[in-house]
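Working notes, beginning with the structure itself.
Here, each number is a calculation from the coordinates, and none is a lab measurement. Just so it is clear, the structure is predicted and the values come from calculations on it, not from any experiment. Every residue, glycine among them, receives a Cβ derived from its backbone with ideal geometry; neighbour counts consider all protein chains shown.
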Amino acid sequence: MSDAWDPSQYEQFQAQRRMPFDDLLAMVAPVPGGKVLDLGCGTGSLTAELHRHCGAAETLGVDSSEAMLGQAAAHTGEGLHFERADIAEIDRRDIDVVFANASLQWVPDHPALLGRLRTMLATRGQLAFQVPANADHPSHRLAAVVAAEEPFATALGGRGRDEHLRAVLAPDAYAEALDRLGAREQHVRLQVYGHHLPGTAAVVEWVRGTMLTPYRAALEPELYEAFVSRYSEALEAELGSQRPYFYAFKRILAWARFA
Ligand SMILES: C[S@@+](CC[C@H](N)C(=O)[O-])C[C@H]1O[C@@H](n2cnc3c(N)ncnc32)[C@H](O)[C@@H]1O
């Protein structure tokens, strides 16, 4: 799945994608001289900002995509470095800030995942993450509908489905999970990011860089393009051809500090 990530496709909506990052970063208290871990660091430019904001001595950005890490390498230096690792398996200790912007949705079983991330934290460590909560939006819902149609259903054989959307919990469930894990302070909120896109077709470009990635990995190139074209049709049928199109994108931002 990871190798299907395309950094240039992802960066196409950089300005819009950085808004939730800025909001998440504002929730994190600096940890001068501390250790920071950025899970699913992508192209690394936001990891560099996280590193500066925290005043960390050491920040490690990890990602499972070689293509993303290839871009991130340019930011290496002054305590910032990058490694290939899977969020589902990584194990570190004594981290002051575990940060994950738009990446945990790719990993299942969030109650267990948060429990594991909590064990990586140092005393008074902070956990901060942001996940999309857009599974009920036509842009996300219709991908699952098209995936259940033939010839895609057979070709996918259960792969590339929308597990990453189903992994995301409700905001109150995150708050409860953080409390169960012993959070001393916490802040969880649902926020709608409204993006004015040129038209509904731009939504397809947006999700090509993220949500459709597992489908790209699971399907032969020709069939993947047929999938995208059928998905675009379904999207236009539901949304109409609005120009511009207001893309209301829900996201959950969560921050907690532990004892
Ligand atoms: C939507 S991008 C977010 C990138 C970056 N955090 C940002 O805010 O721009 C999601 C990133 O998570 C990475 N990713 C997905 N699943 C992963 C996993 N299981 N382990 C590590 N990285 C993963 C992808 O390769 C991708 O770079």
In Hz, Karplus ³J(HN,Hα) per residue of the range 108-120 (6.51, -1.76, 1.60; θ = phi - 60°; x = Gly, Pro): x, 6, 5, x, 5, 4, 4, x, 5, 5, 4, 5, 7
What size of dipole, in debye to the nearest 20, comes out for the chain about its Cα centre when the only charges are +1 on Lys and Arg C-beta atoms and -1 on Asp and Glu C-beta atoms? 780 debye
Where Rh is the Kirkwood radius over Cα pairs, Rg/Rh for the range 37-125: 0.94
All other residues with a Cβ under 10 Å from the Cβ of F82 taken together, and with Lys, Arg as +1 and Asp, Glu as -1, what is their net charge? -2
Relative to the longest principal axis of the C-alpha atoms of the chain, give the angle of the C-alpha long axis of helix 221-239, reported between 0 and 90° and rounded to the nearest 10°. 80 degrees
Let's test the formula: R0 of 51 Å, r as the Cβ-Cβ distance of E150 and R93. What FRET efficiency results, to the nearest 0.05? 0.55
List the residues, sorted by chain then number, that are 5 or more residues from G125 or on another chain and whose placed amide H is less than 5 Å from its amide H. F258
Rounded if a/c is under 1.5, else prolate if a/b is larger than b/c, else oblate: which is the range 187-238, with a ≥ b ≥ c the root eigenvalues of its Cα gyration tensor? oblate
Give, in nm to one decimal, the length gained when the segment between A29 and D6 is fully stretched (0.36 nm per residue of separation minus the Cα-Cα distance). 5.1 nm
Would you mind checking which residues have amide H under 5 Å from K250's amide H? H placed 1.01 Å from N; only 5 or more apart, or other chain. A133, Y193
Amide H within-cut-off set for G199, under 5 Å, with H built and near neighbours excluded: Y245
Karplus couplings for the range 21-38 from phi (6.51 cos²θ - 1.76 cosθ + 1.60, θ = phi - 60°), rounded to Hz, Gly and Pro as x? 4, 4, 5, 5, 4, 5, 7, 8, 7, x, 10, x, x, x, 10, 10, 10, 10
Relative compactness, the range 1-152, computed as alpha-carbon Rg over 2.2 N^0.38 Å: 1.08
Helix 138-147: inclination vs the chain longest Cα principal axis, degrees, rounded to 10, gives 60 degrees
Expressed as a percent, the portion of alpha-carbon pairs in the chain spaced more than 29 Å apart is 30 percent
